[in-house]
Amino acid sequence: MLASRAVRILRALLLPIGLTAGLAWADEAIIGHVKTTTGQTYLVAAGKTVAAQPGAALQKGQMLTTDHTGSLGVTLLDNTVLSIGPDSELVVVEYAYSPGRNELKLLIRMTKGTLHYISGVIAKLQPEGVSIKTPTGLIGVRGTELVLRVNPWDIQ
Amino acid sequence: MIASHRHRAIMRTTQGLLCLLCLMTAGCTSSYIVLLPNADGTAGKVLVKGLNGINVLNSPMEAVRVAALPSNTYVATPDQVQRDFGAALRASPKRPTHFQLYFQPGGSVLTPESELLLQRVVQEIDSREAPDISIIGHTDTLGDASANETLGLERAMQVKSLLFSAKLTLANTVVESHGEKNPLVKAADNTNEPRNRRVEITVR
């Protein structure tokens, strides 16, 4: 925890002079892969935006975004399946998948748009471990399939 | 009490005005969530916590607004779900597929039945546009744990070497061993258990 914070601070300091490449491994393990895309879709992290392509690796903290024509589907390592429709923004904020060490957690932040969510192993082994944060609420997911629409203009 | 009532009244008015504003702009819907039925027709459970309350959804197609103020749940129609979530639903990736391959005791030789299954695994990998694969080796509890850790890895590597697919690459394939620590069937130490001598493959 402390170490990862130190790395984050270090990275923030180094960011302006572009020396962060060597630190990229620090807390950015691969947590899943992009599987489907239509229209314009992007992965955004630390101010860097890349077009999302099927097969691209997804890391914790990267924002998935779509434009008004876009849609995007990802499968996480624990077999959680997520897909978003047009004009959507989603970040996997926390992800822990180590059944052997009983470390199981998935926290998604959805700031706008539409989401289709299908539970994976994390929800099965740790039903209280999966939640979705929106501007107006916190959704505790107890192993299931759901759709969620987030209107960013709703009052908080 | 009165203050909180007044606060609620103000919030309701603000929300009302905002809704009106929304109606005037095109196609604006409040935040809401729908619990979909599982493949077997049952449904899981969802807790929706707003600033001032909590709602529980536990039946198929049950829906509720995600808002600061609590509101009643209702049953969403398939038409509404298609209209609002059609694009997200269509973008949903193919669900992961699992395979279990079994081994003869003590080494990394597949049982004849499991050897026949390899072709099906390759077909599954090749059928996907951008697959990623995990190959995890397991052992029974015969012998000591560290030797089984190694044996599990040998089994996983052996299976990988038998999967002839151009879509299988270093970048999209994870090969691991759980040794004797993640048995399919619980067994005492030093138990010959064929169901635990396995490699589990997940094709995503």
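Taking chain B as a Gaussian network, Cα atoms linked when under 10 Å apart, which of B:S177, B:S114, B:S59 shows the biggest mean-square fluctuation?
Maximum among the listed residues: B:S59.
Any idea what the dipole of the stretch A:100-156 comes to, in debye rounded to 20, about its Cα centre with Lys/Arg Cβ at +1 and Asp/Glu Cβ at -1? Walk me through the numbers on the way to the answer.
Working: 8 positive and 4 negative charges, 20 e Å.
Value, rounded to 20: 100 debye.
Roughly what % of DSSP beta bridges within chain B run antiparallel, to the nearest 5? Provide the component values of the computation, followed by the final result.
On the way: 22 of 28 bridges.
Counting only bridges with both partners in chain B, antiparallel ones make up about 80 percent.
In terms of modelled amide H atoms, which long-range or inter-chain residues lie less than 5 Å from the amide H of B:S177?
HN-HN under 5 Å from B:S177: B:G137.
Over chain B, average the accessible area per residue using a 1.4 Å probe and give it in Å², no decimals.
Numbers: 11170 Å² over 204 residues.
Spelled out: the 1.4 Å probe surface of chain B, per residue, equals 55 Å².
May I ask you to evaluate 6.51 cos²θ - 1.76 cosθ + 1.60, the Karplus curve with θ = phi - 60°, for each residue of the stretch B:179-195 and list the ³J(HN,Hα) values in order in whole Hz, giving x for glycine and proline?
Residue by residue, the stretch B:179-195 yields x, 9, 8, 10, x, 6, 10, 5, 8, 5, 4, 6, 10, 7, 10, x, 6 Hz.
Under a point spin-label approximation (7 Å from Cα along Cα-to-Cβ), what is the B:A166-B:Q104 distance to one decimal in nm?
The modelled label-to-label distance comes out at 3.4 nm.
Computed FRET efficiency, Cβ-Cβ of B:E129 and B:D189, R0 45 Å: what is it to the nearest 0.05?
Details: r = 44 Å, r/R0 = 0.99.
Calculated transfer efficiency: 0.50.
So for the stretch B:30-168, what percent of the C-alpha to C-alpha distances run longer than 26 Å? Spell out each step's value before the answer.
Details: 5056 of 9591 pairs.
In whole percent, the long-distance tail amounts to 53.
Mind listing the phi-derived Karplus ³J(HN,Hα) values for the stretch A:128-138, rounded to whole Hz, using 6.51, -1.76 and 1.60 with θ = phi - 60°, and x for any glycine or proline?
So the J values, rounded to whole Hz, are 8, x, 10, 9, 10, 9, 10, x, 10, x, 10.
For the stretch A:84-90, in order, what is each residue's ³J(HN,Hα) by Karplus, 6.51 cos²θ - 1.76 cosθ + 1.60 with θ = phi - 60°, in whole Hz (x at glycine and Pro)?
10, x, x, 6, 10, 9, 9
Rounded to the nearest 100 Å², what is the sum over both chains of accessible area buried where A meets B, with a probe of 1.4 Å?
Working: alone 8990 and 12980 Å², together 18350 Å².
Adding both sides of the contact gives about 3600 Å².
Hey, how many Å between the Cα centroid of the stretch B:116-166 and the Cα centroid of the stretch A:129-144?
Here the answer is 34 Å between Cα centres.
For chain B, what is the calculated [θ] at 222 nm in deg cm²/dmol (nearest 500), taking -39500 (n - 2.57) for each run of four or more DSSP H residues and dividing by its residue count? Spell out each step's value before the answer.
Values: 4 runs with 69 residues, N = 204.
It comes out at -11500 deg cm²/dmol, rounded to the nearest 500.
Quick one: which residues, 5+ away or cross-chain, put their amide H under 5 Å from the amide H of A:N79? H built at 1.01 Å from N.
Residues meeting the amide H criterion: A:V121.
Taking amide hydrogens as modeled 1.01 Å from N in the peptide plane, which residues meet the under 5 Å criterion relative to B:T111, leaving out close sequence neighbours?
Counting only residues 5 or more places away or on other chains, the set is B:Y102, B:F103, B:Q104.
What does the charge add up to near A:R109, with Lys and Arg as +1, Asp and Glu as -1, over the other residues with Cβ less than 10 Å from its Cβ? Please report the intermediate quantities before stating the final value.
Working: positive: A:K133; negative: A:E89, A:E94.
Every neighbour counted, the sum reads -1.
Specify the residue with the greatest mean-square fluctuation among B:L117, B:L163, B:L69, computed from a Gaussian network of chain B linking alpha-carbon atoms under 10 Å apart.
Comparing B:L117, B:L163, B:L69 in a Gaussian network model of chain B, the most mobile one is B:L69.
Using the crude model of +1 on Lys and Arg Cβ and -1 on Asp and Glu Cβ, and no other charge, please compute the dipole size for the stretch B:97-203 relative to its Cα centre, in debye to 20.
On the way: 10 positive and 15 negative charges, 32 e Å.
Dipole of the stretch B:97-203, to the nearest 20 debye: 160 debye.
Taking the Cα centre as origin and putting +1 on Lys and Arg beta-carbons and -1 on Asp and Glu beta-carbons, what dipole magnitude results for chain B, to the nearest 20 debye?
Working: 21 positive and 19 negative charges, 246 e Å.
The calculation lands at about 1180 debye.
The values are calculated or read from the model by the stated rules, or taken from the named source; none is laboratory data. Treat the numbers as computed from the prediction; the structure is a model and nothing was measured. So basically every Cβ, Gly included, is an ideal-geometry build from the backbone, and we count neighbours across all protein chains shown. The accessibility values were calculated without ligands, DNA or RNA, using every heavy atom of the protein model including side chains. Shrake-Rupley method; radii C 1.70, N 1.55, O 1.52, S 1.80 Å.
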